[in-house]
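Contents: one structure, followed by commentary.
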Number of protein chains: 2
Amino acid sequence: MIMTASPAEPKPLTRIQTKNRAAILDAGLEVFSTYGFRGSTLDQIATAAGLSKPNLLYYFPSKEAIHAELLTGLLTTWLDPLKLMRADGDPVPELLGYVRRKLEMSRQFPRESRLFANEILQGAPRIKAALSGELKTLVDAKAQVISKWSKAGLITEIDPHHLIFSIWSLTQHYADFDVQVRAVLGRDVPFDEAEQYLVQLFEKLLKP
Amino acid sequence: MIMTASPAEPKPLTRIQTKNRAAILDAGLEVFSTYGFRGSTLDQIATAAGLSKPNLLYYFPSKEAIHAELLTGLLTTWLDPLKLMRADGDPVPELLGYVRRKLEMSRQFPRESRLFANEILQGAPRIKAALSGELKTLVDAKAQVISKWSKAGLITEIDPHHLIFSIWSLTQHYADFDVQVRAVLGRDVPFDEAEQYLVQLFEKLLKP
DNA sequence: ACAATATTTTACCAACCGGTCAAAGCGAGG
DNA sequence: CCTCGCTTTGACCGGTTGGTAAAATATTGT
């Protein structure tokens with residue numbers, strides 16, 4: 001016996017189920033992040049996953065279900081880098097660490113970033129609750145930490161919420177608008193340059 | 001006689017044509033900026049414009065045509081604030097002026113900002129050419145100006161392209177992600193605070 | 001080998017999509 | 001009044017959409 005945990009019989013997944021559900025979620029991420037929820041079709045996702053449409057619907061009950069599963073999984077990934085910012089660390093390195101982690105997510109998971117951006121752009125109909133719940137709670141808590149650093153003179157006097165917004169926008173820009181960045185630069189997005197630039201920016205900004 | 005300019009007989013518009021075309025473009029902006037091109041339907045746009053679908057198609061030949069007209073009109077609006085940055089002005093006020101103009105556009109034309117963001121997010125299929133053409137040319141020119149300021153010691157040593165990207169992302173964030181900003185803050189987007197914050201940020205960043 | 005179960009396919013449906021068309025309504029000038 | 005051109009409408013079309021039913025096929029445990 002290897003596993004039998006939850007009380008409500010979680011039904012262990014077969015090999016095929018595991019593989020196909022993963023393929024569908026990956027395909028859904030690809031398609032939803034490009035066209036948004038309404039602009040994506042089940043046929044697109046099914047084809048990208050190497051399945052037929054009815055076969056896809058054997059694993060997920062609806063288009064909504066795929067999208068919902070992607071979004072809930074995403075929220076955790078989204079909050080983690082901010083959670084890692086410690087109140088008892090050195091303020092500037094802590095904040096720069098957050099910037100670096102967030103930029104690294106744009107580099108490694110641009111599709112996830114675009115899925116999130118698409119959802120927000122379209123009014124966040126499916127995650128508005130999480131934004132004013134979980135997300136707001138976490139941000140408010142971290143904003144207080146930043147405020148204390150600010151008042152203790154460890155960093156400059158600064159609006160903590162806008163500081164956090166600026167970290168989000170600057171780092172996500174390289175994933176969400178990468179087509180524009182590439183078009184303007186005439187080459188692939190240079191994440192190393194971006195990191196240097198952002199470190200320079202936040203070091204100068206935060207210095208008391 | 002009041003007007004007869006172009007050589008190819010531009011056909012003067014009726015009062016009704018002027019009014020209905022404007023209503024359609026406004027409705028199209030509303031709908032496209034929320035759902036993206038593929039996620040929007042002619043019925044949605046027609047209803048928002050107070051017309052029937054066939055009536056809408058009497059004024060525009062296709063869904064594409066409405067979207068195209070919105071995008072081309074948008075590009076000019078998008079480039080203007082950057083064009084206004086003068087090489088012969090004081091560097092910091094010139095750059096801050098650009099920041100302020102761009103933020104003001106987010107405040108006054110959030111739908112246009114979101115329409116643009118949607119198009120870029122979805123791979124910019126309809127304006128990629130303009131991005132690596134017109135936009136790149138203008139940005140490269142202004143980047144050179146910034147480089148000269150930098151080398152002359154009037155502002156800090158800085159990567160001009162990333163500086164421009166950061167102005168874009170920071171200002172547009174308040175329009176494109178306004179749902180998120182409002183959810184986290186628990187109130188309407190405070191553009192005055194945002195302006196103060198951005199001025200603080202760029203003044204500290206640019207100081208040599 | 002064989003039954004039970006898990007998976008895949010084929011055929012299909014009602015609703016919706018972008019777009020067409022011909023007829024009807026409408027207002028201004030003679 | 002009537003006509004002429006602009007405007008609006010309703011009926012319709014072929015294709016696509018999300019989703020279903022059931023039969024056919026693989027896979028699995030014994």
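Structural remarks
- Scanning region A:158-170 for residues that are facing another protein chain (nearest Cβ under 9 Å) and in contact (Cβ under 8 Å) with a residue 12 or more places away in the chain turns up A:Ile158, A:His161, A:Leu163, A:Ile164, A:Trp168, A:Leu170.
- Test: A:Pro93 is in a helix (DSSP H, G or I), free of Cβ contacts under 8 Å to residues at least 12 places away in the same chain and not assigned by TED's automatic domain parsing to the domain that holds A:Phe191: no
- Sole exception among (1) surrounded by 19 or more Cβ atoms within 10 Å (Cβ to Cβ); (2) more than 16 Å from DNA strand D (Cβ to nearest atom); (3) closer than 22 Å to B:Ile120 by Cα for A:Arg107, by number: (1)
- Flag if A:Ala117 is more than 9 Å from chain B (Cβ to nearest Cβ) and either surrounded by fewer than 19 Cβ atoms within 10 Å (Cβ to Cβ) or part of a helix (DSSP H, G or I) (or both): no
- For region B:35-87, the set of residues classified as farther than 24 Å from B:Lys136 by Cα, more than 9 Å from DNA strand C (Cβ to nearest atom) and not in a helix (DSSP H, G or I) consists of B:Gly50, B:Leu51, listed by residue number.
- All of A:Ala141, A:Ala152, A:Ala183, A:Ala130 fail the test of being small (Gly, Ala, Ser), touching a Leu at 6+ places or on another chain (Cβ under 6 Å) and surrounded by fewer than 20 Cβ atoms within 10 Å (Cβ to Cβ), apart from A:Ala130.
- Test result for A:Ala194, part of a helix (DSSP H, G or I) and more than 7 Å from chain B (Cβ to nearest Cβ): no
- Residue selection: B:Asp43 satisfies the criterion of being within 11 Å of DNA strand D (Cβ to nearest atom), modelled with pLDDT of 95 or more and among the charged types (D, E, K, R).
The values are calculated or read from the model by the stated rules, or taken from the named source; none is laboratory data. Not measured: the values here are computed from a predicted model. Note: ideal-geometry Cβ built from the backbone for every residue, glycine included; neighbour counts use all protein chains shown.
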